[in-house]
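All remarks here apply to the structure that follows.
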Amino acid sequence: MGELLNRLSRAADLPEEILARLSQVVLLGDAILTAEGHLGVLRCEPQQVVFRSRSGLVQISGEGLCICRIDEQELEVRGQIAQVELLREGGNS
Amino acid sequence: MALRLQALVQGEVRIRVTGDRAAFLSAAAERGLPLYDIAYLGEDITVTLALKDVRRLKAVCHAAHCRFRPLHRRGWPFLMRHIVRRPLLIIGALLFCCALTLLSGIVMSVQLAMPRPLTPEQQLQVLQIAEEQGIRAGQPLWSMDAEAAEYAILTQTDFLTFVEIEKRPQLVITAVARREADAGPNGLLPSDVVAERSGVIEEILVLKGTAAVQPGDVVAAGDVLIRGLGGGELVAAQGLISAACWYESYAEWPLLAIEHLPLGKARAGLYLQDKNGSRLLLGAPAPAQLYSLSSRSLPFAAGRKSGSPVELIYQVYTKADTVLRSYTETEAVELAALAAEEAALAQLPADAAIISRSYRRLDEAESIIRLHLQLQTRQNIGVYRQLDNATAEAYRQELLLPPG
(Lines give C-alpha, C1' and ligand atoms only; values in the text may rest on other atoms or scores of the structure.)
Protein backbone atom coordinates (compact mmCIF):
# COMPACT_ATOMS: atom_id res chain seq x y z
CA MET A 1 0.00 0.00 0.00
CA GLY A 2 2.82 2.35 0.95
CA GLU A 3 4.70 1.59 -2.25
CA LEU A 4 1.54 2.17 -4.25
CA LEU A 5 1.03 5.62 -2.62
CA ASN A 6 4.63 6.51 -3.28
CA ARG A 7 4.30 5.63 -6.97
CA LEU A 8 1.04 7.50 -7.19
CA SER A 9 2.47 10.64 -5.59
CA ARG A 10 5.45 10.54 -7.95
CA ALA A 11 3.19 10.12 -10.96
CA ALA A 12 0.93 13.00 -9.88
CA ASP A 13 3.86 15.14 -8.76
CA LEU A 14 2.31 15.55 -5.30
CA PRO A 15 4.25 15.96 -2.03
CA GLU A 16 4.76 12.49 -0.63
CA GLU A 17 4.24 13.55 2.99
CA ILE A 18 0.71 14.68 2.20
CA LEU A 19 -0.39 11.66 0.23
CA ALA A 20 1.24 9.14 2.54
CA ARG A 21 0.19 11.21 5.61
CA LEU A 22 3.75 11.35 6.84
CA SER A 23 4.84 13.58 9.68
CA GLN A 24 6.92 16.60 8.76
CA VAL A 25 9.52 17.87 11.18
CA VAL A 26 11.09 21.26 10.40
CA LEU A 27 14.05 22.54 12.39
CA LEU A 28 14.67 26.28 12.23
CA GLY A 29 18.25 26.88 13.33
CA ASP A 30 18.75 25.35 16.72
CA ALA A 31 15.88 27.16 18.45
CA ILE A 32 12.56 26.19 16.89
CA LEU A 33 11.27 22.81 15.83
CA THR A 34 7.87 22.48 14.20
CA ALA A 35 6.23 19.12 13.75
CA GLU A 36 3.15 18.56 11.64
CA GLY A 37 1.12 15.40 12.01
CA HIS A 38 2.26 14.41 15.51
CA LEU A 39 0.47 11.65 17.35
CA GLY A 40 0.88 12.79 20.95
CA VAL A 41 3.50 13.80 23.47
CA LEU A 42 5.24 11.16 25.50
CA ARG A 43 7.70 13.23 27.48
CA CYS A 44 7.96 16.92 28.14
CA GLU A 45 11.03 17.99 30.16
CA PRO A 46 13.36 20.97 29.85
CA GLN A 47 16.15 18.61 28.68
CA GLN A 48 14.10 16.28 26.52
CA VAL A 49 10.87 16.27 24.54
CA VAL A 50 9.57 13.09 22.97
CA PHE A 51 6.55 12.85 20.73
CA ARG A 52 5.10 10.16 18.56
CA SER A 53 4.97 10.46 14.79
CA ARG A 54 3.85 8.10 12.01
CA SER A 55 7.45 7.12 11.42
CA GLY A 56 8.29 6.47 15.06
CA LEU A 57 9.25 8.46 18.11
CA VAL A 58 10.94 11.82 17.67
CA GLN A 59 13.30 12.59 20.54
CA ILE A 60 14.57 16.14 20.92
CA SER A 61 17.40 16.82 23.34
CA GLY A 62 18.78 20.13 24.47
CA GLU A 63 18.44 22.81 27.12
CA GLY A 64 15.35 24.77 28.18
CA LEU A 65 13.08 22.89 25.82
CA CYS A 66 9.39 23.63 25.96
CA ILE A 67 6.38 22.81 23.84
CA CYS A 68 5.14 26.35 23.48
CA ARG A 69 2.19 25.58 21.20
CA ILE A 70 0.24 22.43 20.45
CA ASP A 71 -2.97 21.57 18.65
CA GLU A 72 -4.41 18.58 16.90
CA GLN A 73 -2.03 18.75 13.93
CA GLU A 74 1.00 20.73 14.92
CA LEU A 75 3.33 21.28 17.81
CA GLU A 76 6.16 23.74 18.23
CA VAL A 77 9.18 23.18 20.45
CA ARG A 78 11.38 26.06 21.46
CA GLY A 79 14.65 26.07 23.34
CA GLN A 80 18.29 25.31 22.65
CA ILE A 81 18.01 22.19 20.53
CA ALA A 82 21.11 20.01 20.53
CA GLN A 83 19.90 16.78 18.95
CA VAL A 84 16.88 15.41 17.08
CA GLU A 85 16.54 11.66 16.81
CA LEU A 86 14.01 9.39 15.15
CA LEU A 87 13.52 6.22 17.19
CA ARG A 88 12.09 3.32 15.18
CA GLU A 89 9.80 0.69 16.66
CA GLY A 90 11.97 -1.66 18.68
CA GLY A 91 14.39 1.05 19.80
CA ASN A 92 16.55 1.46 16.64
CA SER A 93 17.40 5.01 15.71
CA MET B 1 -0.44 37.16 15.85
CA ALA B 2 -3.85 36.63 14.25
CA LEU B 3 -4.48 33.80 16.71
CA ARG B 4 -3.64 36.08 19.63
CA LEU B 5 -5.88 38.86 18.38
CA GLN B 6 -8.71 36.40 17.91
CA ALA B 7 -8.12 35.06 21.42
CA LEU B 8 -8.17 38.58 22.86
CA VAL B 9 -11.45 39.32 21.14
CA GLN B 10 -13.02 36.02 22.12
CA GLY B 11 -11.36 35.90 25.54
CA GLU B 12 -8.57 33.67 26.80
CA VAL B 13 -7.75 31.94 30.08
CA ARG B 14 -4.38 31.06 31.53
CA ILE B 15 -4.38 27.95 33.69
CA ARG B 16 -1.97 25.99 35.79
CA VAL B 17 -1.99 22.23 35.22
CA THR B 18 -0.75 19.83 37.89
CA GLY B 19 -0.01 16.23 36.95
CA ASP B 20 1.56 14.41 34.02
CA ARG B 21 2.13 17.25 31.60
CA ALA B 22 2.99 15.05 28.63
CA ALA B 23 -0.26 13.16 29.08
CA PHE B 24 -2.12 16.43 29.39
CA LEU B 25 -0.59 17.85 26.22
CA SER B 26 -1.28 14.63 24.33
CA ALA B 27 -4.87 14.50 25.53
CA ALA B 28 -5.43 18.13 24.60
CA ALA B 29 -3.96 17.58 21.12
CA GLU B 30 -5.99 14.44 20.66
CA ARG B 31 -9.21 16.32 21.40
CA GLY B 32 -8.25 19.24 19.17
CA LEU B 33 -7.76 21.67 22.02
CA PRO B 34 -5.22 24.33 20.95
CA LEU B 35 -2.84 25.40 23.70
CA TYR B 36 -0.25 28.12 23.50
CA ASP B 37 2.19 30.06 25.68
CA ILE B 38 3.07 26.83 27.45
CA ALA B 39 5.65 27.32 30.20
CA TYR B 40 7.07 25.30 33.05
CA LEU B 41 6.21 26.23 36.59
CA GLY B 42 8.20 23.85 38.76
CA GLU B 43 6.69 20.44 38.19
CA ASP B 44 3.56 21.99 36.73
CA ILE B 45 2.93 23.82 33.51
CA THR B 46 0.97 26.93 32.69
CA VAL B 47 -0.91 27.12 29.42
CA THR B 48 -3.21 29.58 27.71
CA LEU B 49 -6.34 28.55 25.86
CA ALA B 50 -9.33 30.23 24.33
CA LEU B 51 -12.36 30.85 26.51
CA LYS B 52 -14.56 28.73 24.26
CA ASP B 53 -12.28 25.70 24.87
CA VAL B 54 -12.49 25.82 28.66
CA ARG B 55 -15.54 23.54 28.74
CA ARG B 56 -13.59 20.76 27.03
CA LEU B 57 -10.73 21.21 29.45
CA LYS B 58 -12.40 19.14 32.14
CA ALA B 59 -12.60 16.14 29.86
CA VAL B 60 -8.94 16.57 28.89
CA CYS B 61 -7.81 16.78 32.50
CA HIS B 62 -9.97 13.84 33.44
CA ALA B 63 -8.43 11.75 30.65
CA ALA B 64 -4.87 12.79 31.59
CA HIS B 65 -5.48 12.50 35.37
CA CYS B 66 -4.49 16.12 35.85
CA ARG B 67 -5.95 19.04 37.77
CA PHE B 68 -6.13 22.58 36.58
CA ARG B 69 -6.51 25.92 38.26
CA PRO B 70 -7.28 29.18 36.44
CA LEU B 71 -4.64 31.86 36.95
CA HIS B 72 -6.08 34.83 35.11
CA ARG B 73 -8.45 35.75 32.35
CA ARG B 74 -8.27 38.45 29.78
CA GLY B 75 -9.99 39.58 26.64
CA TRP B 76 -13.06 41.48 25.56
CA PRO B 77 -15.74 39.27 27.24
CA PHE B 78 -14.05 39.62 30.65
CA LEU B 79 -13.58 43.35 30.18
CA MET B 80 -17.24 43.77 29.29
CA ARG B 81 -18.33 41.69 32.27
CA HIS B 82 -16.06 43.82 34.47
CA ILE B 83 -17.60 47.01 33.13
CA VAL B 84 -21.21 45.81 33.24
CA ARG B 85 -20.84 44.89 36.89
CA ARG B 86 -19.79 48.46 37.69
CA PRO B 87 -22.56 50.85 36.64
CA LEU B 88 -20.84 53.74 38.33
CA LEU B 89 -17.87 53.30 36.00
CA ILE B 90 -20.16 53.56 32.97
CA ILE B 91 -21.92 56.58 34.43
CA GLY B 92 -18.55 58.19 35.21
CA ALA B 93 -17.29 57.59 31.68
CA LEU B 94 -20.47 59.05 30.20
CA LEU B 95 -20.26 62.05 32.51
CA PHE B 96 -16.64 62.54 31.55
CA CYS B 97 -17.51 62.49 27.85
CA CYS B 98 -20.38 64.93 28.44
CA ALA B 99 -18.12 67.25 30.45
CA LEU B 100 -15.45 67.10 27.78
CA THR B 101 -17.98 67.93 25.06
CA LEU B 102 -19.41 70.74 27.14
CA LEU B 103 -16.03 72.23 28.00
CA SER B 104 -14.82 72.02 24.42
CA GLY B 105 -17.86 74.06 23.43
CA ILE B 106 -17.04 76.93 25.77
CA VAL B 107 -14.75 79.79 24.87
CA MET B 108 -11.66 79.63 27.06
CA SER B 109 -9.93 82.74 25.80
CA VAL B 110 -10.33 85.42 23.18
CA GLN B 111 -7.25 86.39 21.23
CA LEU B 112 -6.73 89.03 18.62
CA ALA B 113 -4.61 88.17 15.61
CA MET B 114 -3.32 91.15 13.67
CA PRO B 115 -1.46 90.58 10.43
CA ARG B 116 -0.87 94.34 10.44
CA PRO B 117 -0.28 95.91 13.82
CA LEU B 118 -3.09 97.81 15.53
CA THR B 119 -2.58 100.40 18.21
CA PRO B 120 -3.53 99.41 21.79
CA GLU B 121 -6.59 101.70 21.56
CA GLN B 122 -7.71 100.03 18.33
CA GLN B 123 -7.23 96.58 19.84
CA LEU B 124 -9.29 97.60 22.85
CA GLN B 125 -12.02 98.94 20.60
CA VAL B 126 -12.19 95.68 18.60
CA LEU B 127 -12.37 93.58 21.76
CA GLN B 128 -15.03 95.84 23.28
CA ILE B 129 -17.26 95.59 20.22
CA ALA B 130 -16.76 91.81 20.21
CA GLU B 131 -17.73 91.63 23.87
CA GLU B 132 -20.86 93.66 23.22
CA GLN B 133 -21.77 91.05 20.60
CA GLY B 134 -21.32 88.24 23.13
CA ILE B 135 -17.81 87.17 22.07
CA ARG B 136 -16.23 86.70 25.46
CA ALA B 137 -14.52 83.98 27.48
CA GLY B 138 -16.92 81.65 29.26
CA GLN B 139 -19.66 81.91 26.66
CA PRO B 140 -20.80 78.73 24.89
CA LEU B 141 -19.72 78.58 21.27
CA TRP B 142 -23.14 77.52 20.01
CA SER B 143 -24.78 80.68 21.34
CA MET B 144 -22.46 83.03 19.47
CA ASP B 145 -23.30 84.67 16.20
CA ALA B 146 -19.87 85.10 14.69
CA GLU B 147 -21.10 86.61 11.44
CA ALA B 148 -23.06 89.34 13.24
CA ALA B 149 -20.05 90.10 15.43
CA GLU B 150 -17.78 90.29 12.40
CA TYR B 151 -20.20 92.69 10.70
CA ALA B 152 -20.45 94.83 13.86
CA ILE B 153 -16.68 95.06 14.28
CA LEU B 154 -16.19 95.92 10.64
CA THR B 155 -18.90 98.60 10.53
CA GLN B 156 -18.28 100.19 13.92
CA THR B 157 -14.58 100.76 13.27
CA ASP B 158 -13.00 102.73 10.49
CA PHE B 159 -9.56 101.22 10.51
CA LEU B 160 -10.27 97.61 9.54
CA THR B 161 -10.60 96.06 6.13
CA PHE B 162 -11.25 92.43 7.14
CA VAL B 163 -12.50 90.62 10.24
CA GLU B 164 -12.90 86.89 10.81
CA ILE B 165 -13.90 85.06 13.97
CA GLU B 166 -12.91 81.41 14.33
CA LYS B 167 -15.32 79.59 16.63
CA ARG B 168 -13.21 77.32 18.79
CA PRO B 169 -12.37 77.17 22.54
CA GLN B 170 -9.30 79.37 22.02
CA LEU B 171 -11.30 81.87 20.02
CA VAL B 172 -9.33 84.02 17.61
CA ILE B 173 -10.49 87.27 16.11
CA THR B 174 -8.44 88.03 13.01
CA ALA B 175 -8.56 91.74 12.35
CA VAL B 176 -6.70 93.16 9.37
CA ALA B 177 -5.99 96.87 9.52
CA ARG B 178 -6.61 99.00 6.50
CA ARG B 179 -3.39 100.13 4.93
CA GLU B 180 -3.24 103.88 5.31
CA ALA B 181 -0.95 106.26 3.59
CA ASP B 182 1.35 108.22 5.82
CA ALA B 183 -0.02 111.67 6.51
CA GLY B 184 3.41 113.08 5.80
CA PRO B 185 5.93 114.72 8.04
CA ASN B 186 4.63 118.19 7.35
CA GLY B 187 0.96 117.69 7.98
CA LEU B 188 -0.93 119.84 5.56
CA LEU B 189 2.09 121.61 4.01
CA PRO B 190 2.18 121.21 0.25
CA SER B 191 4.54 118.42 -0.68
CA ASP B 192 5.43 115.88 -3.38
CA VAL B 193 5.88 112.16 -3.00
CA VAL B 194 9.30 111.30 -4.40
CA ALA B 195 11.17 108.06 -4.95
CA GLU B 196 13.34 106.98 -2.07
CA ARG B 197 15.39 104.71 -4.32
CA SER B 198 15.61 103.59 -7.93
CA GLY B 199 13.22 100.97 -9.26
CA VAL B 200 10.47 100.08 -11.67
CA ILE B 201 6.97 101.22 -10.72
CA GLU B 202 4.58 98.28 -10.37
CA GLU B 203 1.52 99.87 -8.80
CA ILE B 204 0.50 103.40 -7.93
CA LEU B 205 -2.47 104.54 -5.89
CA VAL B 206 -2.97 108.28 -5.62
CA LEU B 207 -4.95 109.55 -2.65
CA LYS B 208 -4.09 113.21 -3.01
CA GLY B 209 -2.25 115.05 -5.75
CA THR B 210 -1.47 114.09 -9.34
CA ALA B 211 0.41 110.99 -10.47
CA ALA B 212 3.68 111.84 -12.20
CA VAL B 213 4.53 108.24 -13.15
CA GLN B 214 2.67 105.12 -14.21
CA PRO B 215 3.27 101.37 -13.81
CA GLY B 216 6.29 100.24 -15.83
CA ASP B 217 8.18 103.54 -15.52
CA VAL B 218 11.78 103.42 -14.40
CA VAL B 219 12.48 105.94 -11.68
CA ALA B 220 15.63 107.08 -9.95
CA ALA B 221 16.01 108.19 -6.35
CA GLY B 222 14.54 111.68 -5.94
CA ASP B 223 12.19 111.51 -8.94
CA VAL B 224 8.72 112.94 -8.30
CA LEU B 225 6.10 110.18 -8.18
CA ILE B 226 3.03 112.15 -7.08
CA ARG B 227 2.91 115.88 -7.51
CA GLY B 228 1.45 118.04 -4.76
CA LEU B 229 -1.00 119.58 -7.16
CA GLY B 230 -4.66 118.63 -7.13
CA GLY B 231 -8.13 120.16 -7.21
CA GLY B 232 -6.76 123.48 -8.41
CA GLU B 233 -4.52 124.02 -5.42
CA LEU B 234 -1.26 122.93 -3.84
CA VAL B 235 -1.75 119.92 -1.56
CA ALA B 236 0.25 117.49 0.50
CA ALA B 237 0.43 114.61 -1.96
CA GLN B 238 -0.50 111.19 -0.63
CA GLY B 239 -0.42 107.75 -2.14
CA LEU B 240 1.04 104.28 -2.23
CA ILE B 241 3.71 103.46 -4.76
CA SER B 242 4.86 99.88 -5.03
CA ALA B 243 7.99 99.31 -7.06
CA ALA B 244 10.44 96.57 -7.94
CA CYS B 245 13.85 97.41 -6.53
CA TRP B 246 17.19 95.68 -6.67
CA TYR B 247 19.85 95.35 -3.98
CA GLU B 248 23.37 94.08 -4.45
CA SER B 249 25.86 92.62 -2.05
CA TYR B 250 29.19 90.90 -2.22
CA ALA B 251 30.79 88.25 0.01
CA GLU B 252 33.82 86.02 -0.13
CA TRP B 253 34.93 82.93 1.72
CA PRO B 254 38.45 81.40 1.57
CA LEU B 255 38.98 77.71 0.88
CA LEU B 256 41.74 77.76 3.53
CA ALA B 257 41.19 79.85 6.66
CA ILE B 258 43.06 80.39 9.92
CA GLU B 259 40.66 79.95 12.82
CA HIS B 260 40.95 80.04 16.60
CA LEU B 261 39.55 76.87 18.08
CA PRO B 262 38.63 77.02 21.80
CA LEU B 263 40.26 74.16 23.69
CA GLY B 264 38.10 74.30 26.81
CA LYS B 265 40.85 75.40 29.20
CA ALA B 266 40.01 78.71 30.83
CA ARG B 267 41.44 81.09 33.42
CA ALA B 268 39.40 83.66 35.25
CA GLY B 269 40.41 86.75 37.16
CA LEU B 270 38.70 89.56 39.04
CA TYR B 271 40.22 92.97 38.45
CA LEU B 272 39.70 96.32 40.10
CA GLN B 273 39.82 99.11 37.58
CA ASP B 274 40.41 102.72 38.62
CA LYS B 275 41.86 105.78 36.96
CA ASN B 276 45.42 104.52 37.48
CA GLY B 277 44.83 101.17 35.78
CA SER B 278 43.62 97.70 36.70
CA ARG B 279 44.76 95.51 39.58
CA LEU B 280 44.20 91.77 39.96
CA LEU B 281 42.16 90.99 43.08
CA LEU B 282 41.40 87.31 42.68
CA GLY B 283 42.24 84.54 40.24
CA ALA B 284 44.91 84.03 37.67
CA PRO B 285 46.79 86.78 35.81
CA ALA B 286 46.41 87.16 32.07
CA PRO B 287 48.27 84.34 30.30
CA ALA B 288 50.92 85.03 27.73
CA GLN B 289 49.82 82.31 25.31
CA LEU B 290 47.03 82.50 22.81
CA TYR B 291 43.83 82.99 24.72
CA SER B 292 40.56 84.56 23.72
CA LEU B 293 39.29 87.09 26.22
CA SER B 294 35.77 87.78 27.42
CA SER B 295 35.25 90.38 30.10
CA ARG B 296 32.24 91.53 32.03
CA SER B 297 31.86 94.56 34.24
CA LEU B 298 30.19 93.69 37.54
CA PRO B 299 27.65 96.13 39.01
CA PHE B 300 29.49 97.82 41.82
CA ALA B 301 27.90 100.14 44.34
CA ALA B 302 24.63 100.01 42.47
CA GLY B 303 22.09 102.42 43.84
CA ARG B 304 24.52 105.24 44.40
CA LYS B 305 23.50 108.48 42.75
CA SER B 306 26.95 109.34 41.54
CA GLY B 307 29.03 106.92 39.51
CA SER B 308 31.65 104.83 41.24
CA PRO B 309 35.30 105.86 40.74
CA VAL B 310 36.30 102.20 40.51
CA GLU B 311 34.98 99.27 38.50
CA LEU B 312 35.10 95.53 39.07
CA ILE B 313 35.87 93.55 35.93
CA TYR B 314 35.56 89.78 35.62
CA GLN B 315 37.78 88.47 32.85
CA VAL B 316 37.83 84.94 31.46
CA TYR B 317 40.67 83.81 29.22
CA THR B 318 39.77 80.76 27.19
CA LYS B 319 42.69 78.96 25.64
CA ALA B 320 42.44 78.73 21.91
CA ASP B 321 44.44 76.94 19.29
CA THR B 322 45.18 78.28 15.87
CA VAL B 323 44.11 75.83 13.22
CA LEU B 324 44.21 75.91 9.48
CA ARG B 325 40.77 74.92 8.35
CA SER B 326 40.02 73.89 4.82
CA TYR B 327 36.59 74.13 3.25
CA THR B 328 35.28 72.25 0.28
CA GLU B 329 34.15 74.39 -2.59
CA THR B 330 30.51 73.59 -1.84
CA GLU B 331 30.90 74.57 1.83
CA ALA B 332 32.69 77.78 0.91
CA VAL B 333 30.01 78.69 -1.63
CA GLU B 334 27.26 78.06 0.92
CA LEU B 335 29.02 80.17 3.57
CA ALA B 336 29.71 82.98 1.10
CA ALA B 337 26.06 82.88 0.02
CA LEU B 338 24.95 83.19 3.64
CA ALA B 339 27.28 86.12 4.22
CA ALA B 340 26.14 87.81 1.01
CA GLU B 341 22.49 87.38 1.92
CA GLU B 342 23.12 88.75 5.40
CA ALA B 343 24.79 91.81 3.90
CA ALA B 344 21.94 92.32 1.43
CA LEU B 345 19.24 91.90 4.08
CA ALA B 346 20.91 94.60 6.19
CA GLN B 347 20.13 97.10 3.41
CA LEU B 348 16.45 96.15 3.08
CA PRO B 349 13.70 98.24 4.68
CA ALA B 350 11.22 96.46 6.95
CA ASP B 351 8.36 96.38 4.46
CA ALA B 352 10.35 95.02 1.51
CA ALA B 353 9.27 91.60 0.21
CA ILE B 354 11.96 89.55 -1.52
CA ILE B 355 10.84 88.42 -4.96
CA SER B 356 13.96 86.68 -6.24
CA ARG B 357 17.64 86.05 -5.55
CA SER B 358 20.39 85.78 -8.11
CA TYR B 359 23.90 84.60 -7.20
CA ARG B 360 26.91 84.97 -9.50
CA ARG B 361 30.38 83.51 -8.97
CA LEU B 362 33.33 85.82 -9.58
CA ASP B 363 36.94 84.75 -10.26
CA GLU B 364 36.35 81.00 -10.18
CA ALA B 365 40.03 80.06 -10.58
CA GLU B 366 41.15 81.54 -7.25
CA SER B 367 41.45 79.90 -3.87
CA ILE B 368 38.76 82.15 -2.52
CA ILE B 369 35.09 82.01 -3.35
CA ARG B 370 33.67 85.37 -4.35
CA LEU B 371 29.93 85.74 -4.71
CA HIS B 372 27.78 88.55 -5.98
CA LEU B 373 24.14 88.57 -4.88
CA GLN B 374 21.33 90.52 -6.45
CA LEU B 375 18.00 90.63 -4.61
CA GLN B 376 14.81 91.78 -6.26
CA THR B 377 12.24 93.21 -3.88
CA ARG B 378 8.82 94.77 -3.97
CA GLN B 379 8.44 97.74 -1.65
CA ASN B 380 6.88 101.11 -1.13
CA ILE B 381 9.39 103.68 -2.38
CA GLY B 382 7.41 106.89 -1.87
CA VAL B 383 8.61 109.48 0.65
CA TYR B 384 7.36 113.00 1.27
CA ARG B 385 9.33 116.03 0.24
CA GLN B 386 8.06 119.48 1.04
CA LEU B 387 7.77 121.73 -1.98
CA ASP B 388 10.62 124.16 -2.26
CA ASN B 389 9.89 127.72 -3.33
CA ALA B 390 10.80 127.21 -6.99
CA THR B 391 8.62 124.11 -7.38
CA ALA B 392 5.72 125.72 -5.53
CA GLU B 393 6.00 128.76 -7.81
CA ALA B 394 6.08 126.56 -10.90
CA TYR B 395 2.97 124.74 -9.69
CA ARG B 396 1.19 128.02 -9.06
CA GLN B 397 2.00 129.24 -12.55
CA GLU B 398 0.75 125.97 -13.93
CA LEU B 399 -2.52 126.47 -12.11
CA LEU B 400 -2.93 129.97 -13.59
CA LEU B 401 -2.46 128.80 -17.16
CA PRO B 402 -5.68 128.30 -19.04
CA PRO B 403 -6.41 124.64 -19.82
CA GLY B 404 -5.19 123.35 -23.17
| query | Restricting attention to region B:109-116, does a residue exist that is over 19 Å from B:Glu164 (Cβ atoms) and either of a type in the set (Gly, Ala, Ser) or not assigned by TED's automatic domain parsing to the domain that holds B:Leu160 (or both)? | reply | no
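So that you can scan it fast, the table gives a plain yes or no per residue for (1) within 8 Å of another protein chain (Cβ to nearest Cβ); (2) under 17 Å from A:Gly29 (Cα atoms); (3) not in a strand (DSSP E or B):
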| residue | (1), (2), (3) |
| --- | --- |
| A:Arg43 | yes, no, no |
| A:Leu57 | no, no, no |
| A:Glu63 | no, yes, no |
| A:Arg69 | yes, no, no |
| A:Glu72 | yes, no, yes |
| A:Val77 | no, yes, no |
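For every residue, the table says whether it meets (1) of a type in the set (A, V, I, L, M); (2) in the same structural domain as B:Gln379 (by TED's automatic domain parsing); (3) within 22 Å of B:Glu393 (Cα to Cα); (4) in a loop (DSSP other than H, G, I, E, B).
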site: B:Asp192; (1), (2), (3), (4): no, yes, yes, no
site: B:Arg197; (1), (2), (3), (4): no, yes, no, yes
site: B:Val200; (1), (2), (3), (4): yes, yes, no, no
site: B:Ile204; (1), (2), (3), (4): yes, yes, no, no
site: B:Leu207; (1), (2), (3), (4): yes, yes, no, no
site: B:Gln214; (1), (2), (3), (4): no, yes, no, yes
site: B:Gly222; (1), (2), (3), (4): no, yes, yes, yes
site: B:Ile226; (1), (2), (3), (4): yes, yes, yes, no
| request: For residues that are in a loop (DSSP other than H, G, I, E, B) and modelled with pLDDT under 90, scanning just region A:17-37, find the one that is nearest to the chain's Cα centre (by Cα). | output: A:Ser23
| Would a scan of region B:5-16 turn up a residue that is within 14 Å of chain A (Cβ to nearest Cβ), surrounded by fewer than 16 Cβ atoms within 10 Å (Cβ to Cβ) and at pLDDT below 90? | yes
| said: With the structure loaded, tell me whether B:Phe78 is touching a residue at least 24 places away in the same chain (Cβ under 8 Å) and away from chain A (no Cβ under 14 Å) or whether it fails that test. | reply: yes
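Counting residues that are over 24 Å from A:Gly79 (Cβ atoms), which strands (runs of 3 or more DSSP E) fully inside region B:1-60 reach at least 2?
No strands (runs of 3 or more DSSP E) qualify here.
When region B:4-44 is examined, which residues are found to be among the aliphatic types (A, V, I, L, M), within 15 Å of A:His38 (Cβ to Cβ) and over 60 Å from the mean Cα position of the chain (by Cα)?
In the first step, residues of region B:4-44 are kept if they are among the aliphatic types (A, V, I, L, M); the result is B:5, B:7-9, B:13, B:15, B:17, B:22-23, B:25, B:27-29, B:33, B:35, B:38-39, B:41.
Those still in the list that are within 15 Å of A:His38 (Cβ to Cβ) too: B:22-23, B:25, B:27-29, B:33, B:35, B:38.
Passing the criteria: B:Ala22, B:Ala23, B:Leu25, B:Ala27, B:Ala28, B:Ala29, B:Leu33.
Hey, does region B:318-330 have a residue that's among the hydrophobic types (A, V, I, L, M, F, W, C) and under 32 Å from the mean Cα position of the chain (by Cα)? Break it down into steps so the answer makes sense when it comes.
Going through region B:318-330, the residues among the hydrophobic types (A, V, I, L, M, F, W, C) turn out to be B:320, B:323-324.
Checking the rest, the ones that are also under 32 Å from the mean Cα position of the chain (by Cα) come to none.
The answer is no; no qualifying residue exists.
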| Counted residues, region B:20-66 - those being more than 10 Å from chain A (Cβ to nearest Cβ) and among the acidic types (Asp, Glu) | 3
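Is it the case that B:Glu259 is out of contact with any strand residue (DSSP E or B) (no Cβ under 7 Å at 6 or more places or on another chain), of a type in the set (D, E, K, R) and more than 14 Å from B:Val206 (Cβ to Cβ)?
The answer is no for B:Glu259.
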| remark: Filtering region B:253-266 down to residues that are under 26 Å from B:Gln347 (Cβ atoms) and in contact with a helix residue (DSSP H, G or I) (Cβ under 6 Å, 6 or more places away or on another chain) yields B:Trp253
| note | Exactly one of B:Arg279, B:Arg267 is basic (Lys, Arg) and loosely packed, with under 13 Cβ neighbours inside 10 Å, and that one is B:Arg279
| message | Residue under question is B:Arg116, and the condition is that it be charged (D, E, K, R) and in a loop (DSSP other than H, G, I, E, B); does it hold? | response | yes
| task | Go through B:Leu229, B:Leu270, B:Leu280 for me and flag whichever is over 23 Å from B:Ser198 (Cβ atoms) and at pLDDT 85 or above. | result | B:Leu270
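The values are calculated or read from the model by the stated rules, or taken from the named source; none is laboratory data. Being a predicted model, the structure only gives us computed values, none of them experimental. Neighbour counts run over all protein chains shown; Cβ positions are idealised from the backbone, glycine included.
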